[in-house]
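The values are calculated or read from the model by the stated rules, or taken from the named source; none is laboratory data. Note that the structure is predicted; figures quoted are calculated from it, not measured. Quick reminder, even Gly has a Cβ in these numbers, built from the backbone with ideal geometry, and neighbours come from all protein chains shown.
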Amino acid sequence: MAYVHLLSKPILDADIEQLSFEEAVLKGLAPDNGLFIPEEIPSLPPNWHRDWLDLSFEDLAFRVFSLYISPAEIPPTALKDIIRNSYSTFRVPSITPTITLDGSSKIYLLELFHGPTFAFKDVALQFLGNLFEFFLVRRNKGKTGRDREHLTVIGATSGDTGSAAIYGLKGKKDVSVFIMYPTGKVSPIQEAQMTTVRDENGMSFENLNSQVVLLIGFADKLIRILQCTVSASTGHLMIVKYTTLLHAH
């Protein structure tokens, strides 16, 4: 399946760049700073509502993602491993349990706070970090020194994005993450989450939120020589996919 960016203005079809799933994930932002979306929305298989009813979160994630990710890009066994590794960090086996609030009125609550940072963004970013590592390990096979590709993730946060990004990317091979947050504008827990991670590939800075857009634009021009740069807030493609997954769940 090809991926294209959500256009901010009309454009000829011939001018639309088509990317693979891997390219869209690693690129982060489209050329016009917009979002990447699938070129077409796949159809659900017949009887999906019955066949998928009792699937675990991991199995349901595999079914949904397989509609969007070609097995030529990520083999099914590898995709299952990525999904399993991503959600081994959650505190409950069901990952995102549904709680009954009022059975007679059919009112339910979907809990999205069981990830490592208690933020709903853990659901997407735990998976995204493992995707980054999978693609980079494959791209860097047999490469040494400056020939190796390295991904630098830059983000500005009001709290939950930053800590979820750091915890999703910490310890990942060939990935560095830099998170900026405003002093006194995040909760003490979120600040502690961002500033006490000891992995060498994660760093956070105060008082730099206003500079992140300029920094990303500057990095986009310079760092492409040696590195690929994305924004921590631009895992939009994965957010869209996980919104789809959570609706199915």
task: Would you point out which residue out of Phe113, Phe135, Phe90 is aromatic (Phe, Trp, Tyr) and in contact (Cβ under 8 Å) with a residue 60 or more places away in the chain?
output: Phe135
statement: Val153 meets each of (1) modelled with pLDDT of 80 or more; (2) buried (at least 17 other Cβ atoms within 10 Å of the Cβ); (3) farther than 14 Å from Gly28 by Cβ with one exception, condition (3)
query: In region 156-178, what residues are in contact with a Phe, Trp or Tyr (Cβ under 8 Å, 6 or more places away or on another chain) and surrounded by fewer than 17 Cβ atoms within 10 Å (Cβ to Cβ)?
result: Ser158
field: Test set (1) under 25 Å from Val177 (Cβ atoms); (2) at pLDDT below 75; (3) surrounded by 17 or more Cβ atoms within 10 Å (Cβ to Cβ) - Gly28 fails condition number
entry: (2)
task: Please list, ordered by first then second residue, the pairs with beta carbon atoms under 6 Å, 6 or more apart or interchain, first in region 28-50 and of a type in the set (Val, Ile, Thr), second in a loop (DSSP other than H, G, I, E, B) and at pLDDT below 80.
output: Ile37/Leu6
message: Tell me the residue from Ala72, Ala119, Ala78 that is within 27 Å of Phe135 (Cα to Cα) and without any contact (Cβ under 8 Å) to a residue 24 or more places away in the chain, please.
response: Ala72
query: Which number in (1) farther than 26 Å from Tyr87 by Cβ; (2) at pLDDT 90 or above marks the one condition that Asn140 misses?
result: (1)
- line: Checked Ser8, Ser70 against criteria (at pLDDT 75 or above and out of contact with any Leu (no Cβ under 7 Å at 6 or more places or on another chain)); the one match is Ser70
